[in-house]
Amino acid sequence: MSDAPSNVPVLQVDGLVKHFAVTRGLIRRKTIGLVRAVEDVSFEIARGETLALVGESGCGKSTTGRLILRLMEPTSGSVRFKGKEIADLDKDALRRMRRHMQIIFQDPYASLNPRMTVGEILAEPLRVHEIGDDASRAARGRELLDIVGLLPEHARRYPHQFSGGQRQRIGIARALAANPDLIVCDEPVSALDVSIQAQIVNLLQNLQQRFGLSYLFIAHDLAVVKHISDRVAVMYLGKLVEISDKKTLYDRPLHPYTQALLAAIPKPDPALRTKRVMLQGDVPSPFRPPTGCRFHTRCPHAQARCSAEEPLLREAAPGHRVACHFFETIPAPTILARAGLANGKFAARLAAFEAAKTARTPG
Amino acid sequence: MSAETLDTGFARESETGVFARAGVLRRLARDRAAALAGLVLSGIVLAALFAPWVAPYDPYFTDLTKVMRPPDAEHWFGTDNTGRDILSRVIFGTRNTLILGLVGVIVGGLIGGIMGIFATYYRRLDGWIMRLVDIMLAFPAILIGLAVAAIFGAGLSAVAIALVVATVPAVAREARGAAMGVMGQDFMEAGRAVGVSDGALIWRYLTLNCISTIFVFLTLRFGQIILTGSALGFLGMGAQPPTAELGMMAAQGRDFLFMAPHIATIPSCVIFVIVLAANLLGDAFRDVFDPRLQT
């Protein structure tokens, strides 16, 4: 596990591109266009770090995750895992590499083979990579079940006998089985109830501390991302628009798209009033992305230059890069007022609640 | 977190295998028509299997003193135009008819299933395999039977080949449809991400998850295959006299339809009963295996 020098990032992605060809014709296939799902995406993940990849549906974040694991072949670009280029690996080397990089899926109902018992599912990575014998794999399976908070006797059961949250735990246990360094979490909690979401997110954090895992956490729920991530990368239509550490991004988002995303998070404080940046229209088709800045069709601050010239990721501060021509001049979103409800009955109720809480828990 | 780990303990281990016999049989027995069809069909199969012991007479023994006798106590199904016992010939004929149906289902199902699954797993093959299937679907089974019989000569094997060729494309389509559904599921990708080999992915992940769909399709198809086989026999493409085969026997009785209707109608009725029972059973299997219909 620790054969690479510790200063080399676990994962370095450089200029990753994925185009899907759209073909037509029965006999002679002609490519009539390209869907530019992922375009020139670069980032890195350090050991033990969680990088969250956020964006709307269809912006290419799941594709990016699959390209990193080479479950899909990238069109171009490089993915280096602990300094080793993955795109060059042949089939066998890739298979051996797979034990170090794993994935957790969004849909816990579809991600477990219904014909295998949980024990078989957990033993599969070890069997494939010829680790241990049958007995030690079964023991490892029971250990994994314990690690993710299930019972050892669950190993004999089939996936359909579990609830969604339990299945997601099994999916996590499978990802852990061969002691990976990197886990791509592809929206691991968005299909779960909110209460179960919290359990799974806490489990993931717990495991990260215990095993020094690195996560690429793909999500669209910014509240969850804020809880789990160290750094955040925002994607729009296949391109990174902003990447930064979590605190900077949430406190001082510079790209208008990030600002709009953050403004859309529901605030649990009814007294808080922020100016809502409402995005107009839909995400344009990645089949014909807009010229220049891909966001200019929906950007409230768009100017003539935006539709002509594509902005590059520029350093706004160390570790904070933004792809916008005008991020220096765009005003930061402001909290308008803490007025209104705060003076009325709500404040009184809140005060009573707080008083009751402090009374219940002395100290 | 502790609530999650509670043992729910409601599902019995016996009902979870690929073909959990006990569970499937119990659910089948709940369907009256299917249970009856199963009994009738297993009776017919057993009789055909043990034909030499079950049949009261030699199916090839001609007795010209007892020609075209209607059914009576001595010959339950009567005798044919050369005085052979029809019951014995039906029992032996069922044997040939069932073997044809089984060969069609098993060989055709195997080839078709492999084609459909490979077309799904190896996307490059998909276009080629499915175009081949389209071409095969364009030929009626009877026509294929005629062609095979013309090339290799009439006989049971000609009919068997025709039935296999007729079964393959439909099964390939069905298997491809089922496999496409499975391929889209995350666990296929999970298997690849873990590093499972292609062979194991195709068998344990893909095939085992669509095998029940293919199985149900084949049981539903079984009756149709027998019908086609009998039709080919009726047309003289199949078993040659004096071999007994239900379709051919019906054809032989055709000439005496007004003098001795039982010669043609009895084999026809047996075909009818077999096909009906097979279809009812297939329907019941579909209900049992379709997870959406399970309560």
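The values are calculated or read from the model by the stated rules, or taken from the named source; none is laboratory data. This one's a predicted model, so the numbers in the text were calculated from it and none came from an experiment. Cβ sites come from the backbone with ideal geometry, for glycine too, and all protein chains shown count toward neighbours.
Look through A:191, A:175 and report the one residue that is at pLDDT below 90 and within 25 Å of the chain's Cα centre (by Cα). Step through it out loud before you land on a result.
Working: A:175 fails: at pLDDT below 90.
Answer to the check: A:191.
Taking strands (runs of 3 or more DSSP E) that fall entirely within region A:1-90, which contain at least 3 residues that are touching a His at 6+ places or on another chain (Cβ under 8 Å) and touching a residue at least 24 places away in the same chain (Cβ under 8 Å)?
Details: elements: A:11-24, A:30-45, A:50-54, A:76-81.
In region A:1-90, the matching strands (runs of 3 or more DSSP E) lie at A:30-45.
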- line: Within region A:221-241, residues being within 11 Å of the chain's Cα centre (by Cα) and either at pLDDT below 90 or not polar (S, T, N, Q) (or both) number 10
message: Could you go through region B:212-219 and let me know if any residue there is within 14 Å of chain A (Cβ to nearest Cβ), surrounded by fewer than 23 Cβ atoms within 10 Å (Cβ to Cβ), out of contact with any Ser or Thr (no Cβ under 9 Å at 6 or more places or on another chain) and closer than 30 Å to residue A:93 by Cβ.
response: no
field: Residue list for region A:94-144, filter: closer than 16 Å to residue A:154 by Cα, without any contact (Cβ under 8 Å) to a residue 12 or more places away in the chain and away from every other protein chain (no Cβ under 12 Å)
entry: A:139, A:143
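So which of A:216, A:254, A:240 ends up being in contact with a strand residue (DSSP E or B) (Cβ under 6 Å, 6 or more places away or on another chain) and part of a loop (DSSP other than H, G, I, E, B)?
On the way: A:216 fails: part of a loop (DSSP other than H, G, I, E, B); A:240 fails: part of a loop (DSSP other than H, G, I, E, B).
Criteria check complete, one pass: A:254.
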statement: Those residues of region A:299-325 which are part of a loop (DSSP other than H, G, I, E, B) and free of Cβ contacts under 8 Å to residues at least 40 places away in the same chain amount to A:302, A:303, A:309, A:310, A:311, A:312, A:318, A:325
Single residue of A:207, A:203 found to be at the interface with chain B (Cβ under 10 Å from one of its Cβ atoms), in a helix (DSSP H, G or I) and surrounded by fewer than 23 Cβ atoms within 10 Å (Cβ to Cβ): A:203
- prompt: Which one of A:217, A:211 is farther than 20 Å from residue A:71 by Cα and assigned by TED's automatic domain parsing to the domain that holds residue A:146?
  reply: A:211
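Give the residues of region B:243-264 that are of a type in the set (Gly, Ala, Ser) and either outside any loop (DSSP other than H, G, I, E, B) or free of Cβ contacts under 8 Å to residues at least 12 places away in the same chain (or both), sorted by residue number. It would help to see each step written out before you state the result.
Here is the first cut: in region B:243-264, the ones of a type in the set (Gly, Ala, Ser) are B:244, B:247, B:250-251, B:253, B:260, B:264.
Hits for region B:243-264 are B:247, B:250, B:251, B:253, B:264.
Name the residue that is nearest to the other protein chains (Cβ to nearest Cβ), counting only residues in region A:160-170 that are of a type outside the set (S, T, N, Q) and in a helix (DSSP H, G or I).
Once the filter is applied, the top-ranked residue is A:165.
Please verify whether residue B:113 is in contact (Cβ under 8 Å) with a residue 40 or more places away in the chain and within 30 Å of residue A:72 (Cβ to Cβ), treating the condition exactly as stated. Quick ask: steps written out before the conclusion?
On the way: in contact (Cβ under 8 Å) with a residue 40 or more places away in the chain: yes; within 30 Å of residue A:72 (Cβ to Cβ): yes.
So residue B:113 passes the test.
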message: Given the criterion more than 27 Å from residue A:10 (Cα to Cα), in contact with a helix residue (DSSP H, G or I) (Cβ under 7 Å, 6 or more places away or on another chain) and not basic (Lys, Arg), identify the matching residue among A:192, A:176.
response: A:192
message: Which numbered condition in (1) within 14 Å of another protein chain (Cβ to nearest Cβ); (2) over 23 Å from the mean Cα position of the chain (by Cα) is the only one that residue B:134 fails?
response: (2)
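Among the listed residues A:152, A:159, which satisfies the condition of being of a type outside the set (A, V, I, L, M, F, W, C), in contact with a Ser or Thr (Cβ under 9 Å, 6 or more places away or on another chain), in the same structural domain as residue A:63 (by TED's automatic domain parsing) and more than 27 Å from residue A:53 (Cβ to Cβ)?
Selected residue: A:159, the only one of A:152, A:159 that is of a type outside the set (A, V, I, L, M, F, W, C), in contact with a Ser or Thr (Cβ under 9 Å, 6 or more places away or on another chain), in the same structural domain as residue A:63 (by TED's automatic domain parsing) and more than 27 Å from residue A:53 (Cβ to Cβ).
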query: How many residues are closer than 14 Å to residue A:141 by Cα and either part of a loop (DSSP other than H, G, I, E, B) or away from chain B (no Cβ under 11 Å) (or both) when one looks only at region A:171-196?
result: 6
- request: Looking only at region B:166-178, decide whether some residue is crowded, with 18+ Cβ neighbours inside 10 Å, within 14 Å of chain A (Cβ to nearest Cβ) and on the phi < 0 side of the Ramachandran plot.
  value: yes
query: Got a sec? Which of B:195, B:184, B:191, B:223 is under 29 Å from residue A:102 (Cα atoms) and either more than 10 Å from every other protein chain (Cβ to nearest Cβ) or in contact (Cβ under 8 Å) with a residue 12 or more places away in the chain (or both)?
result: B:191
Top-ranked residue of region A:49-81 - restricted to ones that are touching a helix residue (DSSP H, G or I) at 6+ places or on another chain (Cβ under 7 Å) and more than 14 Å from chain B (Cβ to nearest Cβ), ranked as surrounded by the most Cβ atoms within 10 Å (Cβ to Cβ): A:53
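Being surrounded by 14 or more Cβ atoms within 10 Å (Cβ to Cβ), over 30 Å from residue A:148 (Cα atoms) and at pLDDT 90 or above narrows it down to one residue among B:107, B:24, B:54; which is it? Reasoning before the result, please.
Numbers: B:24 fails: at pLDDT 90 or above; B:54 fails: at pLDDT 90 or above.
Sole residue among the options that is surrounded by 14 or more Cβ atoms within 10 Å (Cβ to Cβ), over 30 Å from residue A:148 (Cα atoms) and at pLDDT 90 or above: B:107.
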